[in-house]
Structures are given as C-alpha cells and as structure tokens.
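> Got a structure here, written out as structure tokens. Questions coming.
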Amino acid sequence: MDLKLTILVGTMTGTAQLVADEVADALGRDGVAAEVVVMDGLDAGVFAEGGAFLICTSTYGQGDVPDNAQKLFADLEATKPDLSSVAYGVIALGDRTYAQTFCFGGKRFDALLQSLGARRIGEVMIHDASAGTIPEEEAVAWVGPWLAQFREERDKAA
Ligand SMILES: Cc1cc2nc3c(=O)[nH]c(=O)nc-3n(C[C@H](O)[C@H](O)[C@H](O)COP(=O)(O)O)c2cc1C
C-alpha cells in the first residue's frame, strides 16, 4: 500500500455508500488503503491532518448536499480551515431531471474545498440517475485513471 485515502460519503438513500464501497475495493486492488467514512456527525476536523480524499455525494432539495453532509459542509463554510495540504477527487451523484441543480451536491463541495485551498485531482465524476447507467460501475471505471493522475502529480511534486 503506497497511499492512504479517505472516501467521505454524503448520501440519503445509500447509492453513494454503495459507490464508495465499490471504489474502495477497486482502490484496494490497486494498492491503496481506502477507508469509507459516512459524513454523519463529521466536522472540518476530518481534514486536519491533510492527505488524500474522495468526496462521494448525492444531491437533494434545491441542489443541496444530503442531510448527513450538512454539518460538515456548514462547518467548513463557518471555520474556513486552510486545506492546502488536502488533495481530493469528487464523485457527484445526481439526476438530470433536476436540470437547474444537476449534481450540485458534489459541485458545491468541489467549489468549497477549492476556495479553502485544497487541490482537486482530475475532473469531477458526474453520474446521472436518469441515464440508466450503473453508478458504481462508472465510478470504478473513473477511479483508475484518477488514481494514475494522483500518483503522477504526487511523484512530480516529490
Ligand atoms: C427528493 C429528491 C431531490 C433530489 N434533488 C436533486 C437535485 O437537486 N439535483 C440532482 O442532480 N439530483 C437530485 N436528486 C437525485 C439524487 O441525487 C440521485 O438519485 C442520487 O443517485 C441519490 O443518491 P443517494 O442514494 O446516495 O442519496 C434528488 C433526488 C430526490 C429523491
């Protein structure tokens, strides 16, 4: 294992959790120790030691983060920690039926983390629940190249 990574899960009905579990398994096969942590009860302290994160979250309400992610999101907004030692990727689950707020949960986390100095690796993965594709399959396909890019940037910086 050359890399430790935390997958933070924002979910209402469990899809993002399933995606995170499958992604963690795929990362494990690729030499990464990935821990899946649901966001319930977390605050900004989860980022205190920096490191590598994947934000895996769905979208609810008027383009909001799920209920179990509200506290973490609000605490980051309120305390504005310096996240310059954090590198992250985003898996954003949504439904294009909600055209005005499609995947805003993940997109809002992305904007917030960037504003706090965290460094995003790769593009945000977007999943559309109305497209008929399997989110965990898409996420597992996405995370291989994401990990390669992560390692490349890490090695360049070393
Ligand atoms: C009440 C409700 C509101 C939703 N609002 C949005 C939304 O604003 N934007 C979006 O892209 N998807 C929205 N969705 C779709 C969910 O984000 C999507 O189905 C996701 O895959 C659910 O993942 P989860 O089971 O991890 O919560 C909404 C779904 C429901 C049931």
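> May I ask you to list the residues in segment 77-103 that are β-branched (V, I, T) and away from the ligand (no atom under 16 Å from the Cβ)?
Correct list: T79, V86.
> F104 versus (1) over 26 Å from E153 (Cβ atoms); (2) without any contact (Cβ under 8 Å) to a residue 12 or more places away in the chain: which is the lone unmet condition?
Single failed check for F104: (2).
> Something else: With respect to K71, determine if the residue is in contact with a strand residue (DSSP E or B) (Cβ under 7 Å, 6 or more places away or on another chain) and of a type in the set (K, R). Step through it out loud before you land on a result.
On the way: in contact with a strand residue (DSSP E or B) (Cβ under 7 Å, 6 or more places away or on another chain): no; of a type in the set (K, R): yes.
The answer is no for K71.
> Filter segment 104-158 for residues that are within 16 Å of the ligand (Cβ to nearest atom) and outside any helix (DSSP H, G or I); which is surrounded by the fewest Cβ atoms within 10 Å (Cβ to Cβ)?
It comes out as G132.
> Considering only segment 29-76, how many residues are of a type outside the set (G, A, S), away from the ligand (no atom under 12 Å from the Cβ) and either part of a strand (DSSP E or B) or in contact with a Cys (Cβ under 8 Å, 6 or more places away or on another chain) (or both)?
Of the residues in segment 29-76, 7 are of a type outside the set (G, A, S), away from the ligand (no atom under 12 Å from the Cβ) and either part of a strand (DSSP E or B) or in contact with a Cys (Cβ under 8 Å, 6 or more places away or on another chain) (or both).
> Still on this structure, I have one more. Quick check: anything in segment 4-15 near the ligand (Cβ under 9 Å from one of its atoms), outside any loop (DSSP other than H, G, I, E, B), under 17 Å from A139 (Cα atoms) and not hydroxyl-bearing (S, T, Y)? Spell out how you get there, then give the answer.
Of all residues in segment 4-15, those near the ligand (Cβ under 9 Å from one of its atoms) come to 9-15.
From what's left, outside any loop (DSSP other than H, G, I, E, B): 9-10, 15.
Then keep just the ones that are under 17 Å from A139 (Cα atoms); that gives 9-10, 15.
Now restrict to residues that are not hydroxyl-bearing (S, T, Y): 9-10.
Among the residues of segment 4-15, at least one is near the ligand (Cβ under 9 Å from one of its atoms), outside any loop (DSSP other than H, G, I, E, B), under 17 Å from A139 (Cα atoms) and not hydroxyl-bearing (S, T, Y), which makes the answer yes.
FYI, it's all coordinate maths here, none of it is from the lab. Worth saying up front: this structure is predicted, and the values here are computed from it rather than measured. So basically every Cβ, Gly included, is an ideal-geometry build from the backbone, and we count neighbours across all protein chains shown.
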